[in-house]
Structures are given as C-alpha cells and as structure tokens.
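Coordinate-derived values only; no laboratory data. Just so we're clear, the structure is a prediction, and the values are computed from it rather than from any experiment. Here the Cβ positions follow ideal geometry from the backbone for every residue, glycine too, while neighbour counts run over all protein chains shown.
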Amino acid sequence: MFAIPFFCGIIVALDLFELFSFEVFPIFFFILGTILGTFCILFVYARFANIIQQKTGKLTKDINIILSVLTALVAVITFIKLFI
C-alpha cells in the first residue's frame, strides 16, 4: 500500500536531480535493484525472525495490530478526503 507512493517519490527526486532517465535500461536496472533489495531484506528478516522476536518481546507480538490500526487510519483518512 505504501510502496507505490514511496517509489513515485523516489523517481521524482531522482529525476529532479537528473539522476534518472526514463529509458529502458535505467528503468530495468532500477526494477532489478528493487527486486534484489526486497529479496535480501525479506531473506534476512525470515532468517533472523525468531531471534528478533525473542529480543524485542511483546512489541513483535503486537506489531500486526499496530500496523493494522495504522493502515485502517490511513484508509479512513483517504476515504474522508475522497468523498467529503
């Protein structure tokens, strides 16, 4: 849900400083870097999830509820802005 606005902002910022070009190869390498970066982060997280959960304790057990409430809050605010 938050990835699309993030990457739109990154592309705009890179284009603003003329560090990005909208040709095939730069876009291909940007996508490839995004895929590899996401895979690496998720792989490391999956590998060390139990260790992270043991060290952080209650926060990791409640993180799904926290993220759900945050996402629901964003959805409600977006709904209000769209229709009211």
Chymotrypsin sites (Phe, Trp or Tyr not before Pro) restricted to DSSP loop in the range 1-72 with at most 16 other C-beta within 10 Å: F2, F17, F20, F22
Magnitude of the charge dipole, the chain, Cβ model with Lys/Arg +1 and Asp/Glu -1, debye to 20: 580 debye
Under the span-like rule (Cα at least 24 Å along the axis, Kyte-Doolittle mean at least 0.5), DSSP H helices of the chain: 24-56, 58-83
Centre separation in Å (Cα based) which lies between the range 47-79 and the range 13-46: 26 Å
